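Below is one structure, written out as structure tokens; the observations come after it.
Coordinate-derived values only; no laboratory data. Model, not experiment: these values are computed from the prediction. Methodologically, a virtual Cβ is constructed for each residue, glycine included, from the backbone with ideal geometry; neighbour enumeration extends over all protein chains shown.
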Amino acid sequence: MLTARETDKGEQMRVQGVIYGLGALALLGIGLGFWLQDRLDQETFRKVTLWVLLLAGLNLVRRGVMLL
């Protein structure tokens, strides 16, 4: 897409760096998740998962309310 839009090489390299950097962060997050999963017992892992989902849900509600 960047080539089709005739983006100059400096900007193209910046965009690709951001994309690859975000991809690397996602891989690190997945690795950290597997590491954590292996070290927690089932009940603790379930509780942590529910807390994370609760926080994510509250954040979505907050964002929805802020748009009003």
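Structure above, values below:
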read-out	value
Per-region count, the range 36-50, residues surrounded by 10 or more Cβ atoms within 10 Å (Cβ to Cβ) and part of a helix (DSSP H, G or I)	9
Residue in the range 51-68 that is farthest from residue 38 (Cα to Cα), counting only those that are more than 19 Å from the chain's Cα centre (by Cα) and in a helix (DSSP H, G or I)	67
Residue in the range 7-14 that is in a loop (DSSP other than H, G, I, E, B) and among the hydroxyl-bearing types (Ser, Thr, Tyr) present	yes
